[in-house]
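The structure appears right after this line, and notes come after that.
The values are calculated or read from the model by the stated rules, or taken from the named source; none is laboratory data. Quantities reported herein were computed from a predicted structural model and do not represent experimental measurements. Cβ: placed from backbone, ideal geometry, glycine included. Neighbour counts: every protein chain shown. Accessible surface is based on the protein model in full, side chains and every heavy atom, while ligands, DNA and RNA are left aside. Shrake-Rupley method; radii C 1.70, N 1.55, O 1.52, S 1.80 Å.
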Amino acid sequence: MTATPLDLVTGADLRRAMGHWATGIAVITTSDGGAVAGLVSNSFTSISLDPPLVSWAVDKKSSSFEIWNRTDNYAVHILSESHRDLVARFAAKGADKFAGLAWEPGTLGSPIVADDVPHLECRLWQRVDAGDHVILIGEVVSVSDPEEFVPLTNHVYWAK
């Protein structure tokens with residue numbers, strides 16, 4: 001294994017290295033003025049217990065970035081093995097990700113697309129500019145925690 005000199009690290013180098021870090025896969029959804037958006041994220045993390053805060057990052061080049069940049073709410077669905085089909089749906093570029101998908105509006109209006117997985121509904125707390133992404137920090141206002149759950153991780157999903 002060779003190391004990359006500090007001043008030559010590229011985004012591709014970072015992506016390749018971070019691909020070894022096992023993370024869960026989440027689908028994050030929002031509703032803003034009648035428009036809905038959703039995407040796949042593995043940047044989701046908890047950041048505070050008091051108050052209860054979580055964060056994730058959206059790419060500024062995302063086709064739904066403008067919705068994410070003005071929304072005041074979102075729902076995070078922590079995917080299970082049985083919901084791997086949602087990854088391809090919400091990772092698709094430019095498609096209507098909600099076409100033919102049954103969902104219900106959550107407490108704050110964000111689409112709840114899978115009610116049998118852990119999901120958190122969040123009110124936007126803060127946006128932080130971070131290079132080619134924006135970090136959305138949300139205050140958790142509602143949590144669903146099913147009794148049975150087998151998490152889907154990036155290593156499990158991409159290996160199949």
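The rows are residues; the columns are (1) more than 13 Å from the chain's Cα centre (by Cα); (2) part of a strand (DSSP E or B); (3) closer than 24 Å to Glu104 by Cβ; (4) basic (Lys, Arg).
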{"site": "Leu39", "(1), (2), (3), (4)": "no, yes, yes, no"}
{"site": "Ser43", "(1), (2), (3), (4)": "no, no, no, no"}
{"site": "Trp56", "(1), (2), (3), (4)": "no, yes, yes, no"}
{"site": "Ala88", "(1), (2), (3), (4)": "yes, no, yes, no"}
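State whether the residues of the range 58-71 include one that is under 18 Å from Asn154 (Cβ atoms), buried (at least 18 other Cβ atoms within 10 Å of the Cβ) and of a type in the set (Val, Ile, Thr).
Among the residues of the range 58-71, at least one is under 18 Å from Asn154 (Cβ atoms), buried (at least 18 other Cβ atoms within 10 Å of the Cβ) and of a type in the set (Val, Ile, Thr), which makes the answer yes.
Between a residue in the range 74-89 that is within 21 Å of Ala57 (Cα to Cα) and any residue that is crowded, with 18+ Cβ neighbours inside 10 Å and among the acidic types (Asp, Glu), which pairs come within a Cβ distance under 6 Å, given they are 6 or more apart or on different chains?
Short answer, once both residue conditions are applied: Ala75/Glu121.
Could you say which residue among Gly94, Gly106 is more than 14 Å from Asn42 (Cα to Cα) and out of contact with any strand residue (DSSP E or B) (no Cβ under 9 Å at 6 or more places or on another chain)?
Sole residue among the options that is more than 14 Å from Asn42 (Cα to Cα) and out of contact with any strand residue (DSSP E or B) (no Cβ under 9 Å at 6 or more places or on another chain): Gly94.
Looking at the structure I just gave you, is Arg84 over 20 Å from Ala35 (Cα atoms), open to solvent by 40 Å² or more (accessible area, probe 1.4 Å) and basic (Lys, Arg)?
yes
Under 8 Å between Cβ atoms, which residue pairs at least 6 apart in sequence (or on different chains) link something in the range 127-145 that is over 15 Å from Asp72 (Cβ atoms) with a partner that is of a type in the set (Val, Ile, Thr) and surrounded by fewer than 12 Cβ atoms within 10 Å (Cβ to Cβ)?
Listed by first residue and then by second, the contacts come to Ile135/Val128.
Among the listed residues Asp116, Asp7, which satisfies the condition of being outside any helix (DSSP H, G or I), open to solvent by 30 Å² or more (accessible area, probe 1.4 Å), acidic (Asp, Glu) and on the phi < 0 side of the Ramachandran plot?
Asp116
Restricting to the range 72-81, and then to whatever is open to solvent by 30 Å² or more (accessible area, probe 1.4 Å) and touching a Leu at 6+ places or on another chain (Cβ under 7 Å), can you tell me which residue is farthest from Leu124 (Cα to Cα)?
Glu81
Among the listed residues Ala37, Ala102, Ala26, Ala12, identify the single one that is open to solvent by 50 Å² or more (accessible area, probe 1.4 Å) and closer than 27 Å to Asp145 by Cα.
Going through Ala37, Ala102, Ala26, Ala12 in turn, just one is open to solvent by 50 Å² or more (accessible area, probe 1.4 Å) and closer than 27 Å to Asp145 by Cα: Ala102.
So if I check each of Leu124, Leu136, which one is in contact with a helix residue (DSSP H, G or I) (Cβ under 9 Å, 6 or more places away or on another chain) and in a strand (DSSP E or B)?
Sole residue among the options that is in contact with a helix residue (DSSP H, G or I) (Cβ under 9 Å, 6 or more places away or on another chain) and in a strand (DSSP E or B): Leu136.
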